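Encoded as structure tokens, the structure appears first; notes follow it.
The values are calculated or read from the model by the stated rules, or taken from the named source; none is laboratory data. Remember, it's a predicted structure, so these values are computed and weren't measured experimentally. All Cβ positions, even for glycine, are placed from backbone atoms using ideal geometry, and neighbour counts span all protein chains on display. Surface accessibility is based on the protein's heavy atoms, side chains included, excluding ligands, DNA and RNA. Shrake-Rupley method; radii C 1.70, N 1.55, O 1.52, S 1.80 Å.
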Amino acid sequence: MVLFVPLFCLIFIFMYHPMDFALIEESNNFDLPFSADTSWHILVCIMVLIGMAVAALSRCLMKFYSTRHTITYNSYILWIVAEILAMTTVYSAISSFMNVKPFFVIYETVFFKVVRILLIPYIMSYVYFIWQEKSHQLKLIKSSMEGGETVARKAYIQLHDERDKMQLSIRKENLLMLISSDNYVTVWYLNNNVPKQTMIRNNLKKISQYLEDTNVKRCHRSYMVNLDHVKLLRREKDGIFIELGMEGVPVIPISKTYSDSISQWLMNKSSNE
């Protein structure tokens with residue numbers, strides 16, 4: 001803002017001549033080595049630089065003030081009014097020093113001219129700051145939403161068919177087991193605490209890729225089971241079997257290849273509990 005407002009005012013004054021600072025035409029006490037137009041342009045640049053210095057000092061004070069107090073929209077507007085009054089005071093003092101008119105006589109005239117010039121860039125800056133703040137808030141909201149979506153995605157398992165099209169999205173804790181049969185996989189899951197099943201055209205090896213970060217583990221060439229739902233592990237003559245303790249859900253065989261890893265995982269779970 002310290003750079004934008006003076007630059008805007010400089011261009012605006014040179015293009016539209018909204019004010020002459022009441023200095024050049026009425027000041028006959030100074031013999032200037034330049035023409036009236038050149039002197040006017042030089043004086044405009046000096047005045048803009050003075051305004052820039054006032055604005056810079058004001059912003060430094062604002063930064064110091066903001067470390068101890070919250071700057072609201074209303075307090076910011078009051079601060080802008082104070083800046084305009086400070087600039088008007090400085091310009092009126094310079095005009096009075098150059099013997100144009102007494103300070104209090106020209107103060108009102110200079111005030112309205114300063115307001116006329118600063119009104120547009122100050123409003124533009126104010127709107128820009130509001131837009132910048134809202135954009136920042138939107139980014140925070142978007143980031144928060146994306147974070148929430150990420151958490152939601154991590155809580156769900158998405159199972160795809162052989163064409164990589166998503167067929168089933170289910171919470172990790174609701175997945176019970178998977179049974180492979182030829183080119184299809186039967187997925188057992190809980191829906192309102194009731195065991196359900198659906199079939200997906202794919203093989204168990206590809207589907208297992210979606211389950212790497214879960215407790216759904218391979219226990220047989222044709223079976224995967226969610227170890228969090230295991231209620232019973234029993235050994236029979238035909239081998240070792242897992243029961244989930246749910247009516248209608250078949251028992252799950254454990255092959256010798258996976259028996260050690262499954263047993264070790266269940267033992268660790270029991271010791272941790």
Query raised in the report: Does the stretch 166-200 hold any residues that are over 17 Å from residue 230 (Cβ atoms), at pLDDT below 90 and among the charged types (D, E, K, R), and which are they?
Result: 171, 182
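Taking the condition of being part of a helix (DSSP H, G or I) and either touching a Phe, Trp or Tyr at 6+ places or on another chain (Cβ under 9 Å) or within 17 Å of residue 129 (Cα to Cα) (or both), how many residues in the stretch 62-80 meet it? Even if it seems obvious, please write down each step before you answer.
Of the residues in the stretch 62-80, the ones part of a helix (DSSP H, G or I) are 62-66, 73-80.
Among the residues that remain, those that are also either touching a Phe, Trp or Tyr at 6+ places or on another chain (Cβ under 9 Å) or within 17 Å of residue 129 (Cα to Cα) (or both) are: 62-63, 65-66, 73-80.
Number satisfying all stated conditions: 12.
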Query raised in the report: Does residue 14 qualify as being open to solvent by 20 Å² or more (accessible area, probe 1.4 Å), aromatic (Phe, Trp, Tyr) and modelled with pLDDT of 80 or more?
Result: no
Query - Selection from the stretch 151-188 of residues that are more than 40 Å from the chain's Cα centre (by Cα) and outside any strand (DSSP E or B) - result: 182, 183
Query raised in the report: Is it true that some residue in the stretch 84-98 is free of Cβ contacts under 8 Å to residues at least 24 places away in the same chain and open to solvent by 80 Å² or more (accessible area, probe 1.4 Å)?
Result: yes
Report task. Enumerate the strands (runs of 3 or more DSSP E) found wholly within the stretch 189-273, keeping only those where 3 or more residues are without any contact (Cβ under 8 Å) to a residue 40 or more places away in the chain and over 48 Å from the mean Cα position of the chain (by Cα). Result -> 232-236, 239-243
